Structure formats: C-alpha cells, structure tokens
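The values are calculated or read from the model by the stated rules, or taken from the named source; none is laboratory data. Bear in mind that the values here come from a model prediction, so they are computed numbers and not experimental data. Don't worry about glycine lacking a Cβ; one is built from the backbone with ideal geometry, like all the others, and counts go over all protein chains shown. To get the accessible areas, we keep the full protein, side chains included, count just its heavy atoms, and leave off ligands, DNA and RNA. Shrake-Rupley method; radii C 1.70, N 1.55, O 1.52, S 1.80 Å.
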Amino acid sequence: MLRRARSSLRHFLLERKSSTGYSSCFSESKMSRPVQSQRLEGIDKNIWVEFVKLAATYSTVNLGQGFPDFPPPAFLKEALVTALSGENSMLHQYTRAFGHPPLVKVLAQFFGKLLGQDLDPMTNVMVTVGAYQALFCCFQAFVDEGDEVIIIEPFFDCYEPMVTMAGGTPVFVPLRPKAPENGKMMSSADWKLDSAELASKFNERTKAIVLNSPNNPLGKVFSREELGLIADLCVKHDVLCISDEVYEWLVYDGKQHIRIASLPGMWDRTVIIGSAGKTFSATGWKVGWTVGPNRLLQHIRTVHQNSVYHCATAAQEAVAQGFQRELMLYGKPDSYFVQLPKELQKKRDQLVQSLDAAGMKPIIPEGTYFLLADISNFKSDVPDVPNSDEPYDSRFAKWMVKNKGLAAIPLSAFYCGAHKNNYSHFIRFCFAKEEATLKAANDILQKWKQEKTSS
C-alpha cells in the first residue's frame, strides 16, 4: 500500500515537472515587495569586511585589524581549561542571563573599588557578548527617533550605524590636531576638542554623548580637564554618557586613565563599557560588560534579554577567575594589568622607530594598542586622484597591502561620510603583535625606504 502511494506521488510530480505550468510556478511566486528594513539603509558597508579580506589575500604582515597575535596569559587559559574539563558540569549549561554570578560579583568588587561606589552585582553590572553588544544594547535602550547622539571624531566605526539603527541622529565633533613645538613627534595628546565647538553640539534634542578613552584609533587618553568639560556639559543639559573604556588598562608613559563616572554628577548618568578581550588579550572570547546605576542598566537588561540573552558560561567563569587574581594583585608588579602595558609600550616604541626611520610620521599614542602614521611623504608612490570618491588613505592602504604585503587601516574609516577627506593622509597600525611580526613589518618598511632612496 505504501509502495503504491509513493509510486503515485512520483508519477504526479513528474507530470507536474513536465508541464509548462510547473516550470513557471516558482518564478511567478518570487517576492517583489522590498524586504530590507529602512533602519538598514546606508549602513550595509563595513570597513572590516573589505580590509580583512584584503589582508587575508595579500598581506605578509597584518597590522590592520586590532587583535594580539600572542596568547592570553597562562592563568586565564588554565582557568578556561579547568572550566571546560572540570567536574562542574553546570559550566556547560546556561547561567544567569545578565551575567554569571561569580563574574558579576568580582566585577562589582573590582570596579566598586576603582569608582568609589558600593556596587550591587545583580543590578549595577551586566555581562554582554563583548563590548560590541554592550554598545548595541545602550543605543537600543536609550535612543528614540529624533534623539541626537554626540560622537567624537575619530570614532570606532560602529557608533554611527548603531545610533542610526536605533532611530537617532549622530552629531559629530572632531578632535583637532595642533602641531607640536620644537620639531617633536606629534602625540595623541596634541589632538584636542574645541570647547566652544563641543558646547555648540548640545541642545534639547541631545540624548547622549559617546566617550571613548583611551580612543581607538588615535590612542588619545582624555585628561581630567577634558573629561571635566564633557561632564559639565552633560550635567548642564541632562545628557547621558556612554563611556567606552575597553582599553582602560593600556595606558603608557605614566598617564592615568580617569573614569568619567567618578566625576561629580556623572555616576547617575553614565554607562561604563568594558572588555575582557582587550583586558586579557582574548578578543575571540567575546566577553564584555556594562557598569552603571540600576536606573540605566535595567533598560539595557531589557534589550539584552530580548536579543542575545546570554554569554558563554565557561568563558565567563574563566574571566571571573582572571579578575579574582587581578583583584588580589591590584597595583603589584605581578599583576597582568601592570605587566601588559609595560610590554605594549615597548612594542609601541619599536613600531614608532620603524615607521619614523622609513619616513612615515607616527603619532605617539598615550593608550590603546594602535598608532596613526602620517603618509604624506609617500604620495609619490600612490599619486592622488582629483575628485575621487574614495579617500586617499583608503586607496593608499589598499595599494600598500597589495604591493608591499603590509596591512593597515585608513583613518578615514573612523570619520563620518562628510568628514572622510578631512584627515585622509593617516593610516592606523596595531602594535599588539609578537616580536617576529613587528620585525617583519620593519623589514618591509626598511626595504621600501631603500627602494625610494635608490629610485
């Protein structure tokens, strides 16, 4: 009976396939209505998709995308191995949606100490899938149609599309470079906000300002005076501050990272965003967090529970163990938070020396693991194209990876569309790399210099 039914079905389908109506029924049923939501209009292109592909195809040395090519500290890897292979089977299952209890507890202890606040781990801390998701949750939680969000340029590229997707209007204010005196190398500290220009961006529609200190891509660490200016304007206009502090431990030359939430009037209006990927050199683990008052975090939790919901339990357990260790060693020589910036400062100085010797003009960063270099002296290699829609630094970076095997990111990628050509003679390098990687980059740069000298 079953065999006969299958035979009949096969015969029916063959008849349909051979009929003229069958071949056209699918083409006639294709959707013709638009499917893309309006919130995605104009934000489909992504600099990382293009340049990661170029680096994978052409580069010998990748100093473009921002991740270390050295491993996380041994104690963190051991904590993850223990979490995965130990007897606690619950570390393979769901944990608390807003953060694994051991992790939010130690984060509350750690940041409570730094901020001078008595933090409740259940209401003042929330764990996210990296800082990227924390940013997305903030914009979705706080920004409505017609709200304006101030973004300081240059900015990490996701800020603008995330604000737009939430229905908000990005309002841009630039850091402007001032030439250093006495022929010194330019520092990220030489890029400053104009106080009057910043103040002019605040109005009754301003909902939030995004602060990124230390700043990616520039490496600027905002001073107490600069943060005070921002804080005063936030208080005056009753504006939120979304403070992206993922590079908080990567500060050099004795500089101090100051948390804007610690300034008068700012705790109640600030969400701090952090990253285990940057803190422990484990970017692929995608563990981040938000810290702030419950009146703000309760809305972030609503977005989180209705989107991503949960971050990998074992990774959270390992990060919790890492923070427990750092809490005990805080400020001591054996602390990873003390050792890592010392090592990275050496790498920074090494790359600065390589770039300077090759004829590029590096801007010495006060923080992060990025530095910018002025490529003006290399315009003979990649001549400018008048009236080109593509910024010069973008064409230069593409040419460099294809012809020299060295990958970097154009600074114009960190500006809004209207401002992309304002500072288009800089490219960004990442120096969080092994000694062998930095040496290979130096070899490329010195060979390039020799070729220019002899030509």
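Brief remarks follow.
- Cα centroid separation - segment 174-215 against segment 35-87, whole Å: 28 Å
- Ile43/Ala199 FRET efficiency (R0 30 Å; Cβ-Cβ; nearest 0.05): 0.55
- Annotation: amide H of Ile427 within the under-5 Å range of Ala373, Ile375, Leu411, sequence separation 5 or more or interchain, hydrogens built in the peptide plane.
- By the Kirkwood approach, averaging reciprocal distances over each pair of separate Cα atoms, segment 184-338 gets a hydrodynamic radius of 17.3 Å.
- Net charge of neighbours whose Cβ lies under 11 Å from the Cβ of Pro177, counting Lys and Arg as +1 and Asp and Glu as -1: +2
- Ranked from largest, the principal axis spans of the Cα set of segment 220-290 equal 39, 27, 15 Å.
- The Cα atoms of the chain cover 94, 63, 52 Å along the three principal axes, with the biggest extent listed first.
- Seen from Thr128, the other residues with C-beta closer than 11 Å to its C-beta sum to a net charge of +2, counting Lys and Arg as +1 and Asp and Glu as -1.
- J(HN,Hα) series, segment 269-281, from Karplus relation 6.51 cos²θ - 1.76 cosθ + 1.60, nearest Hz, glycine and proline x: 10, 10, 10, 8, 10, x, 9, 5, x, 7, 5, 10, 6
- Within the accessible area of segment 392-446 (1.4 Å probe), percent carbon and sulfur: 48 percent
- Here is the tail figure for segment 99-207: Cα pairs spaced more than 17 Å apart come to 68 percent of all pairs.
- Using the average count of surrounding beta-carbon atoms within 10 Å as a protection proxy, the listed peptides 411-418, 30-37, 194-201, 253-260 rank, highest first, as 411-418, 253-260, 194-201, 30-37.
- Between the beta carbons of Gln36 and Thr302, assuming R0 = 30 Å, the FRET efficiency works out to 0.70 to the nearest 0.05.
- Sequence-separation-based contact order of segment 189-340, relative, with Cα cut under 8 Å and 6+ spacing, percent: 17 percent
- Per-atom-type breakdown for segment 105-254 gives carbon and sulfur 48% of the accessible area (1.4 Å probe, protein chains only).
- As a fraction of the 1.4 Å probe accessible area of segment 287-345, surface on carbon and sulfur atoms comes out at 49 percent.
- Only Cα pairs under 8 Å and 6+ residues apart enter the sum, and on that basis the relative contact order of the chain stands at 22 percent.
- Accessible surface for the chain, divided over its residues, is 48 Å² per residue with a 1.4 Å probe.
- Note, ³J(HN,Hα) from phi for segment 178-190, Karplus 6.51, -1.76, 1.60, rounded to Hz, x at Gly and Pro: 10, 4, x, 8, 6, x, 5, 5, 5, 10, 4, 5, 7
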